[in-house]
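The values are calculated or read from the model by the stated rules, or taken from the named source; none is laboratory data. The structure displayed is predicted, hence computed values, not measured ones. As a convention, Cβ positions derive from the backbone with ideal geometry for all residues, glycine included, and neighbour counts pool all protein chains shown.
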Amino acid sequence: MLIQLKLDNTDLYKKIRKAMEILEKYKNWNYKYVFFSGGKDSLVALDLTSKVWKNFTIVYVEVTGNTHPECTKYVYKIVNEYNADFVHVKTEKYEFFECLKKWGYPSLLWSHSNRWCLTHFKDEPIVTLTKGRGVGVSGVSPYNSVRRHFILRHARPILLAPRRSKWQWTYYSLLPLFYFDKNDIWQYILENNLPLNPLYRYIGSSGNCVICPAMRKEQLLAIKRECFEFFCKWKKAHEKLRRDFALGKLKGMRVTFYKFEQFYNNIKSS
């Protein structure tokens, strides 16, 4: 068991009912999407949605150059278990580590203008597919991180597209896991016998974005140990940014650069 569960089942079932009530309201829409990254949260969102919706499309977005092949392999295995259409999209215009060298570390905030990883690798291919129509389900929840808790603290589990949002994936965004916490996610996975992405065992994440600006040093060390090719690509890109910094030409988010610079020095000296 990956974590110590401390959840009363009745509490979980109440949250499941809330999630299904959210999904029920939109089950008859023409354009319905579930965004599945290969992560544990979107796995639960997909499974819940499949119990309510028919005739929907599962959308998998590969981050060009930064998605582990095992994540993609796992996603293809999972989608075969559901009676839904499937679309695998990715940008052909950009490669993650080349962009990192050129633009520096992206922002951690969704709404920040320097969140190039989200804009070019997720937003653009998804909006090209959906054209902003219909309703989409994601596994986003306030519990996912302190950052998401701050952003979603005044949000609701049904989000309407802002009128001026160029990169809104769908007209309505549904967050059926809005009331779930970490224990709820693990409990649901265990009780429904859902197969977990094997990369969690090795690097602590789904591998959809192997190198993430929000990652911790322990995750980077695991990537060095288990996914050395990705570690080398990050190291090469970071060393380019170090040279830019020395020349006073560093782009991107400095606070994130400083964090990774500390990781770089700690790993180098260990």
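Would you tally the residues in the range 243-254 being in a helix (DSSP H, G or I) and surrounded by 15 or more Cβ atoms within 10 Å (Cβ to Cβ)?
Selection size over the range 243-254: 2.
Taking the criterion of being polar (S, T, N, Q) and outside any helix (DSSP H, G or I), would at least one residue in the range 255-265 satisfy it?
No: zero hits.
Can you name the condition, by its number, that Gly207 falls short on among (1) modelled with pLDDT under 95; (2) under 17 Å from the mean Cα position of the chain (by Cα)?
(1)
When the range 214-239 is examined, which residues are found to be within 14 Å of Tyr264 (Cβ to Cβ) and of a type in the set (A, V, I, L, M, F, W, C)?
Passing the criteria: Met215, Leu220, Leu221, Ile223, Phe231, Cys232, Trp234, Ala237.
Of everything in the range 8-38, what is farther than 14 Å from Leu48 by Cβ, part of a loop (DSSP other than H, G, I, E, B) and within 24 Å of the chain's Cα centre (by Cα)? Give them in sequence order.
Answer for the range 8-38, where residues must be farther than 14 Å from Leu48 by Cβ, part of a loop (DSSP other than H, G, I, E, B) and within 24 Å of the chain's Cα centre (by Cα): Tyr31, Ser37, Gly38.
Looking at Tyr264, Tyr188, Tyr258, Tyr172 in this structure, which one is of a type in the set (Ser, Thr, Tyr) and surrounded by fewer than 16 Cβ atoms within 10 Å (Cβ to Cβ)?
Answer to the check: Tyr258.
Return yes or no: is Lys122 of a type outside the set (A, V, I, L, M), modelled with pLDDT of 95 or more, assigned to a helix (DSSP H, G or I) and farther than 17 Å from Gly252 by Cα?
It is true that Lys122 is of a type outside the set (A, V, I, L, M), modelled with pLDDT of 95 or more, assigned to a helix (DSSP H, G or I) and farther than 17 Å from Gly252 by Cα.
Mind listing whichever residues of the range 82-97 are touching a residue at least 40 places away in the same chain (Cβ under 8 Å) and either surrounded by fewer than 22 Cβ atoms within 10 Å (Cβ to Cβ) or more than 18 Å from the chain's Cα centre (by Cα) (or both)?
Within the range 82-97, Ala84, Val87, Val89, Phe97 meet the criteria.
Give the residues of the range 205-224 that are surrounded by fewer than 16 Cβ atoms within 10 Å (Cβ to Cβ) and either in contact with a helix residue (DSSP H, G or I) (Cβ under 6 Å, 6 or more places away or on another chain) or part of a helix (DSSP H, G or I) (or both), sorted by residue number.
Those that are surrounded by fewer than 16 Cβ atoms within 10 Å (Cβ to Cβ) and either in contact with a helix residue (DSSP H, G or I) (Cβ under 6 Å, 6 or more places away or on another chain) or part of a helix (DSSP H, G or I) (or both): Lys217, Glu218.
Determine the pairs where a residue that is under 24 Å from Ser205 (Cα atoms) and at pLDDT 90 or above, located within the range 161-182, has a partner that is assigned to a loop (DSSP other than H, G, I, E, B) and among the charged types (D, E, K, R) with Cβ atoms under 9 Å apart, the partner being 6 or more residues away or on another chain.
Matching pairs, first to second residue: Leu174/Lys25; Leu175/Arg156; Phe178/Arg156.
Can you give me the number of residues within the range 64-81 that are in a helix (DSSP H, G or I) and in contact (Cβ under 8 Å) with a residue 40 or more places away in the chain?
Matching residues across the range 64-81 total 6.
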